[in-house]
Amino acid sequence: MIVNMEQSAPTVAPKRKPVPRHWGEWVIENLIQLAGVSTLIIIGLIFAFLLREGLPAFFEISPATLLGVRWYPIEEMYGLLPLLAGSFIVTIGAVVIALPLGLTTAIYLGEVAPRWQRELLKPLIEMLAGIPSIVLGFLGWVVLAPLIQKAGAPTGLTAFTGSLILAYMSLPTIISISEDALYAVPKEYRDGALAIGATKWQTIWRVVVPAARSGIVIAIMLGIGRAIGETMAVMMVTGNAANIPALGIGMFFQPVRTMTATIAAEMGEVAKGSLHYSTLFAIGIVLFLITFSINSIAGRLVGSQGSRRSGGQL
Amino acid sequence: MHTYSTAHTCNHNWKQRYLLLVLLLLLLTGLLTSCASSQTAAAADVGDASAQRAIQNKGSDTIVNLALAWAEAYRKIHPDISIAVTGGGSGTGIAALINGTVDIANASRQMKESEIEEAKANGFDPIEFTIAIDALAVIVNPQNPVNELTIPQLADIFTGRITNWKEVGGNDAKIVLLSRESNSGTHVYFLEEVVRMGEKENKDIFAPQTLLMPSSVGITSEIRRNPNAIGYDGLGYVDVEHEKMLAIAKDAESPYITPSVETGADGSYPISRGLYMYTAGEPTGVIAEYLDWIMGADGQQIVADLGFVPLPTK
């Protein structure tokens with residue numbers, strides 16, 4: 001009896017399952033699901049690979065060496081500080097240049113520009129994002145570097161040159177995200193401000209921009225994320241000297257070596273499995289952690305802004 | 001107008017889905033074929049190596065890239081002959097030749113008396129072939145008034161003990177140091193012969209503010225536009241119209257020698273050395289043909305392409 005019941009159960013079960021209307025739909029749905037899941041799997045694999053190749057460096061090289069001030073792998077000097085300093089100086093420079101430019105462009109587009117200008121400028125700005133970084137690097141190498149040298153720096157290949165290129169590269173991100181944030185500020189805020197006698201400038205600067213604050217912070221974060229991971233353009237124009245410049249405004253006008261450029265320049269010739277090799281992967285882990293934390297902070301801010309927007313506007 | 005557009009969107013959705021499906025399939029086939037092709041390539045290499053006896057070529061790491069380039073080019077003309085090239089250092093190559101495990105030893109120095117005697121004890125005379133010359137020109141901008149430097153002065157400049165041109169008879173300007181990336185053989189040679197002045201126990205390294213250029217072209221183009229830069233490059237890369245080669249003296253008492261193919265070849269220019277191949281006794285058959293080809297026009301063209309000094313033409 002029991003056996004019978006068990007046998008009958010599977011024959012009944014398929015009938016209860018909803019039969020897909022189109023086989024094609026079923027295939028597509030599953031493929032899309034596979035694509036979604038595969039992204040997760042690939043990210044997991046990348047991280048596992050980074051850890052496998054890079055972790056030995058943290059165990060085999062003493063912390064004192066890793067925190068040293070010289071990066072000179074052929075003499076087993078694996079100090080990461082100059083590389084970290086290089087990446088941070090270039091990125092900070094880029095944000096300082098790109099933020100005011102990007103924010104004012106976004107304000108102009110969102111609050112001031114007539115509709116036809118807006119329609120014309122937005123696609124053009126988005127086109128900036130499509131320029132290959134190597135082309136910008138080449139421009140920096142041929143045009144910017146000689147200009148900066150003429151302006152009085154000992155060499156044109158400086159952190160500032162890299163910052164200018166990176167600022168240009170992160171502008172589209174900063175402009176479009178902060179413009180979205182400004183757009184999301186409810187119309188009532190502007191109406192209210194204008195109604196109590198504020199000028200247009202006061203409305204923008206005192207009401208709209210503060211209301212879009214978190215969106216603008218996200219724009220900055222994503223701009224930083226874009227800048228810190230860039231490699232080729234930076235490698236061409238920053239001079240790649242693994243030097244820790246003295247703190248001060250002068251540090252922007254000295255050659256630096258970024259983490260990304262170090263990996264790109266040295267990976268080609270390094271012996272697989274050597275200490276140098278795993279140290280390059282260790283730099284990769286550090287970079288991954290930095291961009292990951294920037295993105296997750298930005299993500300958290302996006303979440304909080306999203307809920308406020310739906311509450312305010314709709 | 002509204003209904004019209006929705007009808008279209010519906011249609012579009014289907015098209016988009018099929019497009020997505022096709023893209024996914026393409027991606028999958030791409031992944032599979034790339035895996036498969038890399039496997040077959042690896043298998044082919046193994047097959048070739050075991051199918052016939054290869055000419056064994058081992059030794060100097062300075063020569064290894066040159067030897068590989070020769071082996072690859074030679075195989076295109078003589079597909080039936082395969083040449084196995086390994087590095088390990090000049091001493092390793094010479095030891096292997098003495099022990100009879102290689103056909104050709106590569107060395108960036110001449111054999112020592114003791115090594116020649118060991119070879120004779122094993123029953124053969126090692127035969128020396130000069131196959132290329134490794135000469136580095138120290139270059140500055142043509143506007144730079146400095147024309148000559150000694151090796152100790154160069155060591156002081158590149159380690160950062162001298163930072164101003166006026167200390168070596170030039171303008172009152174900061175010296176901008178240029179070097180190849182540390183994974184380049186040229187970098188290591190310059191480090192050993194100039195920065196450390198050829199002293200084995202000397203552990204000096206390049207100053208941290210040295211700009212590391214990913215290519216020879218990087219060095220030459222910075223030299224062309226920067227009157228205060230100093231760099232070094234293989235003689236083959238120097239364009240005397242835009243870069244000035246310094247005359248170099250071994251020390252303050254020695255004569256200053258301008259680098260050229262002649263002074264490189266006769267050994268009077270201090271930053272040059274011969275590169276050698278050794279065979280066990282007079283070479284015969286395919287090995288003799290291979291060495292003839294290396295020292296002929298085709299082989300020496302590769303020497304020039306890789307930035308070494310070709311042999312003076314007979």
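Just checking the listed ones, A:LEU222, A:LEU101, A:LEU34: in the Gaussian network model of chain A with Cα springs under 10 Å, the one fluctuating most is A:LEU34. In a reduced charge model with +1 at each Lys and Arg Cβ and -1 at each Asp and Glu Cβ, chain A shows a dipole moment near 920 debye about its Cα centre.
Farthest toward the positive end of the dipole of segment A:52-313, out of A:THR65, A:ILE89, A:ALA261, is the Cα of A:ILE89, where the dipole comes from beta carbon charges about the Cα centre. Under the convention that each Lys and Arg Cβ holds +1 and each Asp and Glu Cβ holds -1, the size of the dipole of segment B:134-272 around its Cα centre is about 420 debye. For the pair B:LYS120 and B:ALA247 in one chain, pulling the backbone fully straight at 0.36 nm per residue adds 41.6 nm over the alpha carbon distance. Subtracting the Cα-Cα distance of B:LYS174 and B:GLN110 from 0.36 nm times their residue separation leaves 19.1 nm of extension gain.
Ranking B:ASN228, B:LEU149, B:PRO259 by Cα position along the charge dipole of segment B:134-272, where only Lys, Arg, Asp and Glu carry charges on their C-beta atoms, puts B:ASN228 farthest toward the positive end.
Give the shape of segment B:220-310 as rounded, prolate or oblate, defined through the alpha-carbon gyration tensor: a ≥ b ≥ c are the square roots of its eigenvalues, a/c under 1.5 means rounded, and otherwise the shape is prolate if a/b is larger than b/c and oblate if not. Walk me through the intermediate numbers first.
Values: a/c = 3.70, a/b = 1.81, b/c = 2.05.
Oblate shape, in that a/c is at least 1.5 and b/c is the bigger or equal ratio.
Mind scanning B:LYS76/B:LYS112; A:LYS122/A:LYS200; A:LYS122/A:LYS187; B:LYS174/B:LYS200; B:LYS203/B:LYS244; B:LYS58/B:LYS250 and naming the pairs with a C-alpha gap bigger than 24 Å?
Details: B:LYS76/B:LYS112 35 Å; A:LYS122/A:LYS200 22 Å; A:LYS122/A:LYS187 21 Å; B:LYS174/B:LYS200 30 Å; B:LYS203/B:LYS244 29 Å; B:LYS58/B:LYS250 31 Å.
Table pairs above 24 Å Cα-Cα are B:LYS76/B:LYS112; B:LYS174/B:LYS200; B:LYS203/B:LYS244; B:LYS58/B:LYS250.
Would you mind classifying chain A by shape? Square roots of the alpha carbon gyration tensor eigenvalues, ordered a ≥ b ≥ c; an a/c under 1.5 is rounded, otherwise it is prolate if a/b is larger than b/c and oblate if not. Cα axes put chain A in the oblate bin. Total buried accessible area between A and B, probe 1.4 Å, nearest 100: 2700 Å². Residue by residue along B:210-217, Cβ atoms of other protein chains within 10 Å of the local Cβ number 5 on average. Averaged over peptide B:263-274, the number of partner chain Cβ atoms lying within 10 Å of each residue's Cβ comes to 0.
For segment B:72-191, the share of accessible area belonging to carbon and sulfur comes to 46 percent (1.4 Å probe, ligands and nucleic acids excluded). Helices in chain A that qualify as membrane-span-like (whole DSSP H runs, Cα extent of at least 24 Å along the helix axis, mean Kyte-Doolittle hydropathy of 0.5 or higher) are A:23-60, A:81-107, A:159-183, A:213-229, A:275-313.
The packing ranking of peptides B:167-179, A:227-239, highest mean first, is A:227-239, B:167-179, where packing means the average number of other beta carbon atoms within 10 angstrom of each residue. Under the simplified labelling scheme, the B:GLU289-B:ASN99 pair shows an inter-label distance of 3.0 nm, with each label point 7 Å from Cα along Cα→Cβ. On the basis of the beta-carbon distance and an R0 of 30 Å, A:PHE138 and A:LEU101 show a calculated FRET efficiency of 0.85. Taking a spot 7 Å from the Cα of B:GLU282 along the direction of its beta carbon, which residues of segment B:95-131 have an amide N less than 13 Å from it? What the label zone holds, given the 13 Å backbone N cut-off, is B:125, B:127. If a/c stays under 1.5 just call it rounded; otherwise compare a/b with b/c (prolate if a/b is bigger, oblate if not). Do that for segment B:134-272, with a ≥ b ≥ c from the square roots of the Cα gyration tensor eigenvalues. Note, shape of segment B:134-272 comes out rounded.
Within 10 Å of each Cβ in A:235-242, how many Cβ atoms from other chains are there, averaged over the peptide? Before the final figure, lay out the partial values.
On the way: counts 4, 3, 0, 1, 9, 8, 11, 6.
Across A:235-242, the average partner-chain Cβ count within 10 Å equals 5.
Segment A:185-264 and segment B:287-306 have Cα centres separated by 55 Å.
Can you give the extra length, in nm with one decimal, that the chain gains between B:VAL240 and B:GLU199 once fully stretched, where that is 0.36 nm per residue apart less the Cα-Cα distance? Don't jump to the answer; show the numbers that get you there.
Details: separation 41, 0.36 × 41 = 14.76 nm, distance 3.10 nm.
So the extension gain works out to 11.7 nm.
The residues of segment A:50-85 occluded by other protein chains by 40 Å² or more of accessible area, set against the chain on its own, are A:ARG70, A:TYR72, A:ILE74, A:GLU75; surface from heavy atoms, 1.4 Å probe.
Going Cα to Cα from B:LYS166, which aspartates and glutamates come in below 15 Å? Please leave out same-chain ones fewer than 8 positions away. Leaving aside aspartates and glutamates fewer than 8 places away in the same chain, those within reach of B:LYS166 are B:GLU148, B:ASP156. Label-to-label distance, A:TYR108 versus A:ALA198, with points set 7 angstrom from Cα along the beta-carbon direction: 2.2 nm. Legend: residues in segment B:154-184 shielded by at least 50 square angstrom of accessible surface upon adding the remaining protein chains to the isolated chain (1.4 Å probe, heavy atoms) are B:GLU181, B:SER182, B:ASN183. Ordering B:ALA137, B:LEU191, B:PHE206 by Cα displacement along the dipole of segment B:134-272 toward the positive end leaves B:PHE206 in first place; charges were set at the Cβ atoms of Lys, Arg (+1) and Asp, Glu (-1).
The values are calculated or read from the model by the stated rules, or taken from the named source; none is laboratory data. Since the structure is predicted, the reported quantities are computational estimates derived from the model, not experimental observations. FYI the Cβ positions are ideal-geometry reconstructions off the backbone, even for glycines, and counts take in every protein chain you see. Ligands, DNA and RNA are excluded from the accessible area calculation, which covers all protein heavy atoms including side chains. Shrake-Rupley method; radii C 1.70, N 1.55, O 1.52, S 1.80 Å.
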